1. Scanning region 100-142 for residues that are of a type in the set (S, T, N, Q) and surrounded by 12 or more Cβ atoms within 10 Å (Cβ to Cβ), which turns out farthest from the chain's Cα centre (by Cα)?
2. Residue by residue through region 79-99, note down the ones that are under 19 Å from GLY158 (Cα atoms) and surrounded by 18 or more Cβ atoms within 10 Å (Cβ to Cβ).
3. Any idea which residue in region 134-182 is modelled with the highest pLDDT, counting only those that are polar (S, T, N, Q) and assigned to a strand (DSSP E or B)?
4. Going through region 42-67 one residue at a time, which ones are surrounded by 10 or more Cβ atoms within 10 Å (Cβ to Cβ) and either out of contact with any Phe, Trp or Tyr (no Cβ under 8 Å at 6 or more places or on another chain) or modelled with pLDDT under 75 (or both)?
Amino acid sequence: MKRLLMMVLPAALAAGPVVASEIYRTTDEDGNVVFTDDPPDEDAEPVELDPLTTVEPVEGDPDGAVNSSSGEPDTPSNGISGIAIAYPENEKGIRHNGGNVPFEVALEPEGATLPRGHQVEIILDGEVRGRAASARVTVSPVNRGPHTVRARIIDSSGQTRYESDSVKFYLLRKALGGSGGN
């Protein structure tokens, strides 16, 4: 019975505003609830439906970003004047035995936000190793030893908008085989 109801009711609701006729609820000889726009007998009850909500479509890009009303492309303003590597600190040793290093970028001035459609890209030892739409990017695997890292903000077309200075850090990981290294 519920299955029939679930099949008939949406069709009746969809047809309601189009044909502007009454919808009736009745029970057939097998005890099934039936919704119809034609009252089959005097036992049929009219069903009162709430008006349908209609929403105008919003113009947008295929990636879901809404176009601005001015037609201007999103620019990396958002108050950003630069970026810097916040973690790891320059010339410091860090320990991540699994080799998963969470890099963190600070947007300058403090409180600035990453513009819509922009990403933080992590360049580790001269090679792009991670990218995310947030100020925290985890790179894996990273081998133990000295590394240099820098970050940049790229826009939706891949253009670099801001780039940090390089930071040198030392990844300490437990040595396999018990050699007692870092």
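1. SER140
2. Within region 79-99, ILE80, ILE83 qualify.
3. Among residues in region 134-182 that are polar (S, T, N, Q) and assigned to a strand (DSSP E or B), the one modelled with the highest pLDDT is THR148.
4. ASP43, LEU49, GLY60, ASP61, ALA65, VAL66, ASN67
The values are calculated or read from the model by the stated rules, or taken from the named source; none is laboratory data. Not measured: the values here are computed from a predicted model. Cβ atoms come from the backbone with ideal geometry, glycine included; neighbour counts cover every protein chain shown.
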